[in-house]
Amino acid sequence: MRISCAAYSFREALTKREMSLSDFIRLCAELGLDGVELTGYYFPDTNRATLNALKRECFRYGLAIAGTATRNHFTQPDADARKAEVESVKQWIDVAVALGAPMLRIFADRGIPPGYLERQAYDWSRECIEQVLPYAESQGVVLALETHWGLTADAERTLRYVRDLKSDYFGILLDGANTRENHYEMIEKLAPYAVSVHAKTHSRNAKDEFFELDYERIFRILKAVGYRGYVAIEYEYTDPPMQAVPRFAKKLLALRDRLKK
């Protein structure tokens, strides 16, 4: 396994322009990480010169661009709005190609629209991904569907996509913190289909109480299914990220190296 970090971990500093993506890349190199996940929300623009500069920066520091990420909305009732979302995701596939990123994170939904059934929302979401997949395949970019509430709030819901979307260029971005119950059972069920993994320090239970996730247990689950890809830190807890992310990175790197033996 490789350890990386999602730019989303530093979302406040990046949004306020107190940190640039170049600053983020340099920090990840200083932490001894293997790669970066360049969350699309924080790009100043997607001009080719900007993307080339970020790619060059990663190359200089010996970091892989493990993936990038967009924010899409595939469950809008309006067909033209869904079509626009499909085209937007295709544009982000082009960004991934320019960066040399093998993976683009997508969402299933932003919630089920009021007055509609979950089945209808699922069909819209699946159909949109089906429309994007041929382009992703033609460009060599894997679409990674994040487990992220709503239509992917648990293993059973998420596995519908695995069952219905049969493609070597589709898989699950497994975030075991994005559920309120049966966290490790969810990870076990989805690990065989993971093409990327997010690592949060904490999650919440059904009572909305925070608890610290057991990454030795999670890494052993991933190792058991032969997962060799990236585990990207996505920090969301209460400590300042400039303090917490280095601590968490050190912990995950040490755990990864120990479990190699």
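The values are calculated or read from the model by the stated rules, or taken from the named source; none is laboratory data. Here the structure is a predicted model, which is why all the values come from computation and not from measurement. Please note: Cβ atoms are built from the backbone with ideal geometry, for glycine as well, and neighbour counts cover all protein chains shown.
Table for the structure above
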read-out	value
Qualifying residue in the range 148-164 (condition: modelled with pLDDT of 95 or more, of a type in the set (Val, Ile, Thr), in a helix (DSSP H, G or I) and within 16 Å of the chain's Cα centre (by Cα))	yes
Qualifying position, being closer than 14 Å to SER9 by Cβ, charged (D, E, K, R) and in contact (Cβ under 8 Å) with a residue 24 or more places away in the chain, among GLU181, GLU216, GLU188, GLU236	GLU236
The range 114-132, subset touching a helix residue (DSSP H, G or I) at 6+ places or on another chain (Cβ under 7 Å) and within 9 Å of THR75 (Cβ to Cβ), residue surrounded by the most Cβ atoms within 10 Å (Cβ to Cβ)	SER125
Filtered residues of the range 190-215 (kept if touching an Asp or Glu at 6+ places or on another chain (Cβ under 9 Å) and buried (at least 18 other Cβ atoms within 10 Å of the Cβ))	SER196, VAL197, HIS198, ALA199, LYS200, THR201, SER203
Residue check, THR152 within 23 Å of ALA66 (Cα to Cα) and free of Cβ contacts under 8 Å to residues at least 60 places away in the same chain	yes
Residues of the range 185-233 satisfying the condition of being within 22 Å of LYS166 (Cα to Cα), in a loop (DSSP other than H, G, I, E, B) and of a type outside the set (Val, Ile, Thr)	GLY226, TYR227, ARG228, GLY229
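Yes/no per residue for (1) without any contact (Cβ under 8 Å) to a residue 24 or more places away in the chain; (2) over 30 Å from PRO114 (Cβ atoms); (3) of a type in the set (Gly, Ala, Ser):
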| site | (1), (2), (3) |
| --- | --- |
| SER9 | no, yes, yes |
| LEU38 | no, yes, no |
| GLY67 | no, yes, yes |
| ASN72 | no, no, no |
| GLN76 | no, no, no |
| VAL86 | no, no, no |
| TRP92 | no, no, no |
